[in-house]
Amino acid sequence: MPLSKTYTPEEIEGPHYRRWEDEGAFAAGRKNAGKPYTIVIPPPNVTGSLHMGHALNNTLQDVLIRFERMRGRDALWQPGTDHAGIATQMVVERQLDEKGISRHQLGRSKFLDRVWEWKAESGGTILNQLRRLGASADWSRERFTMDEGLNKAVTKVFVDLYKQGLIYKDQRLVNWDPKLLTAISDLEVENREVKGHLWHIAYPLEDAPGRHIVVATTRPETMLGDTAIAVHPDDERYKAFIGKNAILPLVGRRIPIVADDYADPEQGSGAVKITPGHDFNDYEVGRRHKLEVINILDEKAHLNDNVPEAFRGLERFDARKAVLAQLEELGLIEKIDDITHTVPYGDRSGVVIEPWLTEQWYADAATLAKPAIAAVERGEIVFVPKQWENTYFSWMRNIQPWCISRQLWWGHQIPAWYGPDGQVFVETDEDAALNAARLHYGKETALERDNDVLDTWFSSALWPFSTLGWPERTPELDRYYPTDTLVTGFDIIFFWVARMIMMGLHFMGEVPFRTVYVHALVRDEKGAKMSKSKGNVIDPLELMDEYGADALRFTLSAMAAQGRDIKLAKSRVEGYRNFATKLWNAARFCEMNVCLLRPDFEPGAVRLTVNKWIVGETARAAQAITEAIQAYKFNEAADAAYHFTWHTFCDWYVEFIKPILTPASANADLLPLDQGEVRPKGGEGATAPASGDELAQDETRACAAWALSQILHLLHPFMPYVTEELWDKLRNDSPIPETQDLIVRGWPDASSLPMDKKAADEMNWVIRLVTDIRSVRAEMNVPVAAKLDAKLTGASPETERRLIVHEGLITRLARLGSIDLAAESPAGSVQLVIDETTVALPVARFIDVAAERARLEKEIQKSQAEIKKIDAKLANDAFVSKAPEAVIEEQRTRRADHTQTAEKLAAALERLKKAG
RNA sequence: GGGCGCGUAGCUCAGUGGUAGAGCACUACGCUCACAUCGUAGGGGUCGCUGGUUCGAUCCCAGCCGCGCCCACCA
């Protein structure tokens, strides 16, 4: 069935994807495959939906994986999803909430059943959306961070690290989320700038009635937990107070005034209240001075029984008001400053985080980080762009203990069991824990399992090896680990990338991947972060509906310049949809002209200049695209493919070959038989027409089909659907059995293709000639239908030869009646200069002589100005002695060109004047 | 407070120590047998500012102005 007039993505995307899957096109480990090339997907949240960040991230991965697969590597793109602890639990809790049920009413086990149900219900969505995008992952290997094998991996890692002393339990302040009621890690805290107040509060001194010491705070309610005041030891204002006591207002507690470097004389009043139970700094001060730690908040951040009765049970912000009101009444508020300061918020819950004293599990990140830092320093892992290594280093070198326990239900439950006296047994399963307990206690003892689960990122840190079967030593693990490239956004370098490196090195003894490609964030047209609340989200699914997956993929690739955010404009997507249509129509042209892939076609053996030229241009494009993808310069690769397809193949090659392929064409008797053998123009002396023309046509049909097939391959990583569809068409029409395969195999090898310099020069001359003639015609408003008879003067023998060979093309593309050599340019013509040749176009009846004179004068002036500039340079001794020879030579060449042009144009001007 | 990035055509962005580029938008014209989701031609930029290095700077360096991001326990 012939191709339709336009490309309709929705008709072919689904069927092609199904075919790829049915034929196992994406499966790793196929026979005869070369060296492995592996990418592990950043696992999307299992209950999530595809957003633009996913679209970008997965498009780039797919470009890489398809490229390497086509080049013959054993490409494995390992897919899967993440259980996303907090995020998923929140969704399910919200669903329950709508029915008026709390998870506690349901109980842990039933609640988890509900989460699994929700996972079963919505877990396929994101993966199907990735398929829609064209992602060529090996779905047969799909994993989930909570599946059985991965749970085994998580448990083993936890137990091993515990036994190595790298995981431990500790009581210290954590970031507590009073809404989600769980500890979170430093990374899950988002510091926001907010406007607030700085209250200066007078604390009465114990032994000096009527005298005060003033402290400044942004959180007056925490004073109820104060256990000291700190001043700087060198602060003259307060030296006398050190060692004395103050009386804590509202509470009446006697608190010491201590000297500590932490107190900054420049800040606030220079004296700072110390609340070890609710501030990370104060906690440290408290440690140094052995201060009492008073916890005044419960898990929901309401005041507890450790505060005076009047305040008990108050929510923290209500408590602030109450405290301030009381202080006001007592006249203890000295002044209030308006300030802007940073306040920690939970990135999931959006509420203010409380530093809260609890017992949690920690991983000794500093120890794990050491080899991870060294691996990047040694270049075993390379970040692209390289600057991200600095970000990585600065974080890793100051890394804090990683709080890995969460007071959630959805996640990997911590494999720790407690005896009645609090003794901890960390084992891979309950039986092992019971055994250990029996040994410890000397008898059977009931144990209670730790209720907490692990941070989601704990399991994703193992992803590059857990998905390959670890802790089993599987053949896949041997073959595909270490993986090759990790493609990710910079927002998860700390959360994920750094931790994978730490865990990979610790448990596998090898880096998890060689290259980390860090891409940008997708923003809206104006550069703002896309977010639901702003309503500026562009849905990739809608774009795919409207323009097709290929157009979206190509857009994202073309905009993925390193180190820059992507501002996505719909107009770009539309433009690349048009590109797909253009390609489609070029294929239609080939189809209509019966251009078939030929078994005997040898790109190195073509005889016609146009064909030699397109072979060389194809080689150039293939090389540029290959190099760009290898260097992760997706935009350059996409641009090169776009330009070659549209502006070289469609704009010129297709136009060049039309006169050859159209048998009835009046130009048929002008066809060159071959590069060296040019048939004389006109009837007389012409060699027998038919056979030579058929040879030329034959070669050209095969060459066009070949070039198109190369384009389809080069574009395939970016636009898999339309290229597969057209390839399908092309190969089905082909008599060669070897091409009966999906496009997923085979990548153009530029090094095996000849780049014929002579053919390139020749066709570039034709292009210049045609373009310049068109330009003049347009400028002179020559009616498009007017066939002009061009006359060339001063042509060299080579130009004359080119003219004869390409006459048919030139007259057709430049819309000439004829083009001939002449001794002299005819009067009343417009003249232009190509190298040594003057081209005269008889357009007298269309032109305004005065305007033409002005044009020529302007052109001459332009050239003369250039010559003047070059002469100045060449007259500069410093330039001549210091600039490289090539640069000087280039200047000389340019000068000669301009001189020639100026002379020819001056001659033209003279003739015009004479004629006028 | 520390670190990073960005300011190039109306818009969105590439790019290079040696004659400024693309897409979109815009203007004019469209005979034509792949394509109006198209063709041909065209207009449009002192490459943020100021200095420095250099024979030569949009590119390298410094400072400044403007914008954005990341990290950080400063009340």
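For the range A:802-842 and the range A:83-115, write down the distance between their C-alpha centroids in whole Å.
If we compute the Cα centre of each part, the gap is 80 Å.
Using a/c under 1.5 as the rounded threshold, could you call chain A rounded, prolate or oblate? The axes a ≥ b ≥ c are square roots of the C-alpha gyration tensor eigenvalues, and prolate needs a/b larger than b/c, oblate otherwise.
Prolate, since a/c reaches 1.5 and a/b exceeds b/c.
Show me the ranking of peptides A:184-197, A:803-816, A:249-262, A:542-555 by mean Cβ neighbours inside 10 Å, starting with the highest.
By packing density, highest mean first, the sequence is A:542-555, A:803-816, A:249-262, A:184-197.
For chain A, build the charge dipole from Cβ charges (+1 Lys, Arg; -1 Asp, Glu) around the Cα centre, then report which of A:Ala183, A:Val215, A:Met70 sits farthest towards its positive end.
Projecting each Cα onto the dipole axis, the largest value belongs to A:Met70.
Nearest 20 debye, what's the magnitude of the dipole of chain A about its Cα centre given +1 on Lys and Arg Cβ and -1 on Asp and Glu Cβ?
1600
Would you calculate, for chain A, the mean residue ellipticity at 222 nm contributed by helices, counting each DSSP H stretch of 4 or more residues as -39,500 (n - 2.57) and dividing by all residues, to the nearest 500?
That comes out to -14500 deg cm²/dmol.
Using DSSP, restrict attention to beta bridges with both residues in chain A and report what percent are antiparallel, rounded to the nearest 5.
Details: 62 of 89 bridges.
In chain A, approximately 70 percent of DSSP beta bridges are antiparallel ones.
Among the listed pairs A:Lys758/A:Lys873; A:Lys791/A:Lys862; A:Lys758/A:Lys868, give every one whose C-alpha distance is greater than 30 Å.
Working: A:Lys758/A:Lys873 32 Å; A:Lys791/A:Lys862 25 Å; A:Lys758/A:Lys868 32 Å.
Beyond 30 Å between Cα atoms: A:Lys758/A:Lys873; A:Lys758/A:Lys868.
Quick query: amide H of A:His278 versus all other amide H atoms, modeled in the peptide plane; which residues come in under 5 Å with a sequence gap of 5 or more or a different chain?
Amide H neighbours of A:His278, under 5 Å, 5+ apart: none.
Along the Cα→Cβ direction, 7 angstrom out, place labels at A:Asp305 and A:Arg479. What is the inter-label distance in nm?
Each label point lies 7 Å from its Cα, and together they span 6.4 nm.
So what's the gap between the Cα centers of the range A:158-196 and the range A:265-342, to the nearest angstrom?
The two parts, judged by their Cα centres, are 22 Å apart.
Dipole of chain A (Lys/Arg Cβ +1, Asp/Glu Cβ -1, origin at the Cα centre): which of A:Thr700, A:His289, A:Gly350 lies farthest to the positive side?
Of the candidates, A:Thr700 comes out farthest on the positive side.
Going down the list A:Lys757/A:Lys904; A:Lys612/A:Lys729; A:Lys582/A:Lys658; A:Lys787/A:Lys913, which pairs span over 23 Å between their C-alpha atoms? Don't skip to the end; give the middle numbers.
Values: A:Lys757/A:Lys904 27 Å; A:Lys612/A:Lys729 25 Å; A:Lys582/A:Lys658 17 Å; A:Lys787/A:Lys913 25 Å.
Distance filter (> 23 Å) returns A:Lys757/A:Lys904; A:Lys612/A:Lys729; A:Lys787/A:Lys913.
What figure, in Å² to the nearest 10, do you get for the accessible area of A:Trp116 with a 1.4 Å probe and non-protein molecules left out?
Probe radius 1.4 Å; accessible area of A:Trp116 about 100 Å².
In debye, nearest 20, what is the charge dipole magnitude of the range A:68-225 about its Cα centre with +1 on Lys and Arg Cβ and -1 on Asp and Glu Cβ, if you could check? The partial results should precede the final answer.
Values: 24 positive and 23 negative charges, 84 e Å.
With Lys and Arg at +1 and Asp and Glu at -1, about 400 debye.
Rank by packing, highest mean first: peptides A:50-59, A:156-165, with packing defined as the count of other Cβ atoms within 10 Å averaged across residues.
A:50-59, A:156-165
No other cysteine beta carbon under 4.7 Å away is the test; run it over chain A and list who passes.
A:Cys403, A:Cys650, A:Cys703
Find the lysine pairs in the range A:77-177 meeting two conditions, Cα atoms under 19 Å apart and a separation of 8 or more places or different chains, and report how many there are.
5
Defining a contact as two alpha carbons under 8 Å apart and six or more residues distant in sequence, what relative contact order in percent does the range A:415-522 show?
Normalised by residue count, the contact order of the range A:415-522 is 22 percent.
Which of rounded, prolate, oblate describes the range A:1-84, given a ≥ b ≥ c as roots of the alpha-carbon gyration tensor eigenvalues and a/c under 1.5 marking rounded, otherwise prolate only if a/b is larger than b/c? Don't skip to the end; give the middle numbers.
Details: a/c = 2.02, a/b = 1.13, b/c = 1.79.
Oblate shape, in that a/c is at least 1.5 and b/c is the bigger or equal ratio.
At a probe size of 1.4 Å, how large is the accessible area of A:Trp652, to the nearest 10 Å²?
Solvent-accessible area, nearest 10 Å²: 40 Å².
Could you tell me whether the range A:781-844 comes out rounded, prolate or oblate from its Cα gyration tensor? Rule is a ≥ b ≥ c as square roots of the eigenvalues, rounded for a/c under 1.5, then prolate if a/b exceeds b/c, otherwise oblate.
In terms of gyration-tensor shape, oblate.
If Lys and Arg each add +1 and Asp and Glu each add -1, what is the summed charge of the other residues whose beta carbon sits under 11 Å from the beta carbon of A:Lys370? Please list the in-between numbers first.
Values: positive: A:Arg397; negative: A:Asp364, A:Glu377.
Charge balance near A:Lys370 sits at -1.
Considering only protein heavy atoms, what is the solvent-accessible area of A:Trp457 at a probe of 1.4 Å, reported in Å² to the nearest 10?
Approximately 60 Å² for this residue.
Sorted by packing (mean other beta-carbon atoms within 10 Å per residue), highest first, where do A:96-107, A:144-155 land?
A:144-155, A:96-107
What is the local net charge at A:Ile381, summed over the other residues whose Cβ is closer than 12 Å to its Cβ (Lys, Arg +1; Asp, Glu -1)? Each step should come with its number before you reach the end.
Values: positive: A:Arg378, A:Lys386, A:Arg514; negative: A:Glu377, A:Glu380, A:Glu389, A:Asp484, A:Glu510.
Its environment carries a net charge of -2.
Where the centre of each part is set by its Cα atoms, how far does the range A:749-778 sit from the range A:865-889, in angstrom?
29
Computing the accessible area with a 1.4 Å probe over protein heavy atoms, can you report the carbon and sulfur percentage for chain A? Each step should come with its number before you reach the end.
Numbers: 19500 of 39920 Å².
Of the solvent-accessible surface of chain A, carbon and sulfur hold 49 percent.
What is the local net charge at A:Leu909, summed over the other residues whose Cβ is closer than 14 Å to its Cβ (Lys, Arg +1; Asp, Glu -1)?
Overall, the nearby charge balance is +3.
With contacts defined as alpha carbon pairs under 8 Å and 6 or more residues apart, what's the relative contact order of the range A:773-916 in percent?
Relative contact order for the range A:773-916 comes out at 26 percent.
Given the options A:Ala153, A:Pro233, A:Ser136, identify the residue whose Cα lies farthest towards the positive end of the charge dipole of the range A:110-242 (+1 on Cβ of Lys, Arg; -1 on Cβ of Asp, Glu).
Among A:Ala153, A:Pro233, A:Ser136, the one farthest towards the positive end of the dipole of the range A:110-242 is A:Ser136.
For a Förster distance of 56 Å, can you work out the FRET efficiency between the beta-carbons of A:Met592 and A:Gln95, rounded to the nearest 0.05?
Details: r = 57 Å, r/R0 = 1.01.
So the FRET efficiency works out to roughly 0.50.
Can you give the relative contact order of chain A as a percent, counting alpha carbon pairs under 8 Å and 6+ residues apart?
12
Assigning unit charges at the beta carbon (Lys, Arg +1; Asp, Glu -1) and nothing else, what dipole magnitude in debye, to the nearest 20, does the range A:423-507 show about its Cα centre?
For this selection, approximately 220 debye.
Within the range A:270-289, which residues have the backbone N less than 20 Å from the label spot 7 Å out from A:Arg211 along Cα→beta-carbon, could you tell me?
Those under the cut-off are A:270-273.
What is the distance, in nm, between label points placed 7 Å from the Cα along the Cα-to-Cβ direction at A:His104 and at A:Ala87?
Once both label points are built, they end up 2.8 nm from each other.
Taking all protein chains together and a probe of 1.4 Å, list A:Ser709, A:Ser751, A:Ser796 from the most accessible to the least accessible.
Putting A:Ser709, A:Ser751, A:Ser796 in descending order of accessible area: A:Ser751, A:Ser796, A:Ser709.
Could you give the accessible area per residue of chain A, probe 1.4 Å, as a whole number in Å²?
Working: 39920 Å² over 916 residues.
Here the per-residue accessible area is 44 Å².
If each of A:Ala865 and A:Val880 carries a label point 7 Å out from its Cα toward its Cβ, how far apart are those two points in nm?
Distance between the two pseudo-spin positions: 2.6 nm.
The values are calculated or read from the model by the stated rules, or taken from the named source; none is laboratory data. Nothing here was measured: the structure is a model prediction, and the numbers come from that model. We place every Cβ from the backbone using ideal geometry, glycine too, and count neighbours over all the protein chains shown. Quick note on the areas: whole protein, heavy atoms, side chains included, nothing else; ligands and nucleic acids left out. Shrake-Rupley method; radii C 1.70, N 1.55, O 1.52, S 1.80 Å.
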